[in-house]
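Input: a single structure, listed below in structure tokens.
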Amino acid sequence: MSDEATKPSGTVKFLSGNEACMEGAIAAGCRFFAGYPISPSSEIAEKMSGRLPRLGGKFIQMEDEIASMGAIIGASLAGQKTMTATSGPGFSLMQENLGFAMMAEIPCVVINVMRGGPSTGNPTGPSQSDVQQCRWGTHGDHPAIALSPSTIREVFDTTVACFNFAEMMRTPVVLAMDEITAHMREKIIIPQAAEIALVNRRKPVLQAGETYYPYEAGEDLVPPMMNFGEGARYHVTGLDHDRTGFPSAAAEIQESLHRRLLDKIEKHQEKLLLFEHHRTEDAEVLVVAYGSTARSAKRAVEEARAKGVKAGLFRPITLYPIPEKQIEAAAAHARRVVVPEMNLGQYKLEVERILGKGPTITGVNRVNGEPIAPSLILSAILGD
Amino acid sequence: MSMDYFQYLRKEKMPHIWCPGCGHGTIMKSILRALDKLKWNQDDVVVVSGIGCSSRTPGYLDFNTLHTTHGRALAFATGIKVANPKLHVIVVSGDGDAMAIGGNHFIHACRRNIEITLIVFNNNIYGMTGGQASPTTFTGFKGTTAPYGAIEQPFNVCSMAQAAGATFVARALDLDAVAMDRLIVQAMQNKGFSVVDAWSQCTTYFGRPNKWGDASDMMEHYKALTYNVRLSDKMTEEEKAGKYPVGVLHQATRPEFCAEYDKLIERVRPVEK
Ligand SMILES: Cc1ncc(C[n+]2csc(CCOP(=O)(O)OP(=O)(O)O)c2C)c(N)n1
Ligand code: SF4
């Protein structure tokens, strides 16, 4: 039996994205995983089932994705950092309970390895077609945080970031990985534990005899969280509720709850925004791309520069909340903006909304289970 | 029975939402008497529910309480129990919640034999949504979606639980509170997954359309539909036909999920050198 669990971090490994995701989760302190098999995400569950018990953590294969989502919410309430991993059809099934976690403010992480949809779609081909589902998957107005990595090291780092953001904001966080990133292998140096900054949910500081109000938020709009079993005996519901956690039919309480759930994301936005500018300072043609598509885009930008075209790449790593100001800044000199994605224009909608009637915005879109080659993006940059 | 219910109730949440004559309150009180008997620390008890009239119960109880999504209480409860096996986890659910939308979670919780007690507040109807037929509506009985009488066969909650692997299975009537208390205590003491099919009258949506009268008439109807399992041997097949036994219906010893997981950890955890 290899001693994976006790291997010192800081080691060099050759990992797939799914494996790096598992390593990131473990490094972030995840000790509970519930899941249901589905391509192309299953390796994450498989790896977790091997690693977690060796660390004293728990893995459970649930009867479906609805149950997996419920289980990670329950386990989080009981004090663990928790995660599930799935893909398109499973992500659809998780939406109701994902909304519950947003409403009841329970931190947890959902990995969605995107595959072609709708329906069973293309189970093994790469896709980025769940981008809008990451934003608007569950019903009602709701907060959303979703990240999308491009490299294997970044899968590790963004998985850690997902846990940190979930704990910091008391909300579920989604990692939207495309199948290329999930299955591609790259060399990765796993950072030493001391190099990884971890965030844990803030606990209330109560004076003797003081009542704990589980949904009373201070200035930062994120209520401190006590776990079940720690003595507060509070109530959690998906119904509109007041600061005590009990249902409330009062109009002003409902209104302020829903606004706070969105405002808390807005308020901490700067801490949540991860992105990369690549040669955008003077870019006359800006490419906005994420995930594995951004790797093709970077290559296309280099080739365009070699031809004398001032091209640049803005790469949102945090898809939601959207790095709006950063996109605006990157497009400051742009005549044209190209948005390549393995869907039919889901993030382009956001870019159009942000940049309005400024530059011409074109999409480079593929939904045929094939990656977007740099040459396609280059043609769009050159305008042929 | 001189216990002080209010030590376990959130007084300020009263009055409850239930209709006059509804059986749910009777079952809630029975759960409290059982918990009083077990003397568990209130901080260590978690009560989880789905959605429905019955699922409003946790809101009135002074424990760690979680009101989840329709049908999914067992999934959330499984996460809680596995994450912290020291907690005593009780799930309350309706017949629609547990046997229709939550049916898959029900059979798998039974199969895993995880130490959770499920109390199904079984009133043969969807109460909260206004009286639609449920998976336990008896054939021929009316609901708002079965205006001519249900043509489907109902689930037998206890047979399902036993077949799926639950290690304590009982049926109780709210009419006989003493028996219900005893059965719920036994369920909570079982080191595995326990199911109590607790029958409750929905006066508003099952009693009325089926002309079963008021709460006490309804209890008589339910009584006539059941027999004490201890008398089973003395009864003829004709006497039992179409009736449901009440009491402890199944007990077994099987490995419990959390205990097995602990053993797994022991087995695979690297030894400190
Ligand atoms: C996903 C979903 N579907 C439907 C509903 C509507 N709904 C709320 S309660 C309920 C049925 C309740 O019946 P039961 O579980 O038997 O409990 P009772 O009210 O009779 O105690 C339904 C269908 C819902 N809340 N969520
Ligand atoms: S509708 Fe039926 S189940 Fe609901 S509270 Fe009234 S009597 Fe009880």
inquiry  = Condition check: modelled with pLDDT of 95 or more and surrounded by 24 or more Cβ atoms within 10 Å (Cβ to Cβ). Does residue A:95 satisfy that?
reply    = no
ask   = Would you pick out the residues in region A:80-132 that are without any contact (Cβ under 8 Å) to a residue 40 or more places away in the chain and hydroxyl-bearing (Ser, Thr, Tyr)?
value = A:119, A:120
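Name every residue in region B:100-113 that is among the aliphatic types (A, V, I, L, M) and crowded, with 24+ Cβ neighbours inside 10 Å, in order of residue number.
Of region B:100-113, the ones among the aliphatic types (A, V, I, L, M) are B:100-101, B:107, B:109.
The one that is among the aliphatic types (A, V, I, L, M) and crowded, with 24+ Cβ neighbours inside 10 Å: B:109.
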message = Let me spell it out: the conditions are (1) touching a Cys at 6+ places or on another chain (Cβ under 8 Å); (2) of a type in the set (Val, Ile, Thr); (3) over 24 Å from residue B:261 (Cβ atoms), and residue B:101 meets all of them except one. Which number is the exception?
response = (1)
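Tell me which residues, restricted to region B:115-152, are in a strand (DSSP E or B) and either near ligand 1 (Cβ under 9 Å from one of its atoms) or in contact with a Phe, Trp or Tyr (Cβ under 9 Å, 6 or more places away or on another chain) (or both). Steps first, answer last, please.
Let us first name the residues in region B:115-152 that are in a strand (DSSP E or B), namely B:116-122, B:125-126, B:132-133, B:143, B:146.
Passing the criteria: B:116, B:117, B:118, B:120, B:121, B:122, B:125, B:126, B:132, B:133, B:143.
Scan region B:156-174 for residues that are of a type outside the set (D, E, K, R) and buried (at least 20 other Cβ atoms within 10 Å of the Cβ) and jot them down. If you could, list the steps in order and put the result at the bottom.
We begin by selecting, within region B:156-174, every residue of a type outside the set (D, E, K, R); these are B:156-170, B:172-173.
Passing the criteria: B:157, B:158, B:160, B:161, B:166, B:167, B:168, B:169, B:170, B:172, B:173.
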ask   = Of all residues in region B:45-68, which are more than 14 Å from ligand 1 (Cβ to nearest atom), within 29 Å of residue B:215 (Cα to Cα) and among the polar types (S, T, N, Q)?
value = B:65
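Looking at this structure, is residue B:75 surrounded by 24 or more Cβ atoms within 10 Å (Cβ to Cβ), within 14 Å of ligand 1 (Cβ to nearest atom) and under 13 Å from the mean Cα position of the chain (by Cα)? I'd like the intermediate steps shown before the answer.
Values: surrounded by 24 or more Cβ atoms within 10 Å (Cβ to Cβ): yes; within 14 Å of ligand 1 (Cβ to nearest atom): yes; under 13 Å from the mean Cα position of the chain (by Cα): no.
So residue B:75 fails the test.
Would you point out the residue of region B:114-143, among those that are within 15 Å of ligand 2 (Cβ to nearest atom) and at positive phi, that is nearest to the chain's Cα centre (by Cα)?
B:124
Within region B:1-44, track down each residue that is of a type in the set (A, V, I, L, M, F, W, C) and either under 17 Å from the mean Cα position of the chain (by Cα) or within 16 Å of ligand 1 (Cβ to nearest atom) (or both).
Of region B:1-44, the ones of a type in the set (A, V, I, L, M, F, W, C) are B:1, B:3, B:6, B:9, B:14, B:17-19, B:22, B:27-28, B:31-32, B:34-35, B:38, B:40.
Correct list: B:17, B:18, B:19, B:22, B:27, B:28, B:31, B:32, B:34, B:35.
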inquiry  = Pairs please, first residue from region B:125-137 and away from chain A (no Cβ under 14 Å) and closer than 15 Å to residue B:98 by Cβ, second anywhere and away from ligand 2 (no atom under 11 Å from the Cβ) and of a type in the set (A, V, I, L, M), Cβ atoms under 6 Å, 6+ apart in sequence or on different chains.
reply    = B:135/B:99; B:135/B:100; B:137/B:150
request  = Output the residue which, of all residues in region A:46-79 that are surrounded by fewer than 24 Cβ atoms within 10 Å (Cβ to Cβ) and in contact (Cβ under 8 Å) with a residue 40 or more places away in the chain, is nearest to residue B:77 (Cα to Cα).
outcome  = A:79
inquiry  = So residue A:155 passes all but one of these: (1) crowded, with 24+ Cβ neighbours inside 10 Å; (2) in contact with a strand residue (DSSP E or B) (Cβ under 6 Å, 6 or more places away or on another chain); (3) in a helix (DSSP H, G or I); (4) not acidic (Asp, Glu). Which condition number does it fail?
reply    = (2)
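The values are calculated or read from the model by the stated rules, or taken from the named source; none is laboratory data. Note that the coordinates shown come from a computational prediction; the quantities given were computed from them, not determined experimentally. Because the Cβ atoms are built from the backbone with ideal geometry, glycine has one as well, and the counts that use them run over all protein chains shown.
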